[in-house]
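What follows draws every value from the coordinates through simple rules; no lab data is involved. Since this is a predicted model, take the numbers as computed values, not measurements.
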Amino acid sequence: MTTKADIDAAQKAIDAANNAINKLDLCGLYDCAWQANNNYKRIIDYNKEQLEVTDDEQ
């Protein structure tokens, strides 16, 4: 079961990650990571579409 301590620990981890991201953002790295993530998702979506097309042809 999730306890209040678990939730607090998770929130602290999230806060720490956000702080790290904010520091990186000053260097513009966050934007690069965001773009890479978006492109990666697009590639995955594209590959899924290609697989669906292949399935339809058989």
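Things worth noting here:
- Using the Karplus relation 6.51 cos²θ - 1.76 cosθ + 1.60 with θ = phi - 60°, the per-residue 3J(HN,Hα) values for segment 6-17 come to 4, 5, 4, 5, 5, 5, 4, 5, 5, 4, 5, 5 Hz, with x marking Gly and Pro.
- The lysines within cross-link reach of residue 4, meaning a Cα-to-Cα straight distance under 17 Å and a gap of 8 or more places when in the same chain, are 12.
- Stretching residue 14 away from residue 32 to a fully extended chain increases their span by 4.4 nm, per 0.36 nm per residue minus the current alpha-carbon distance.
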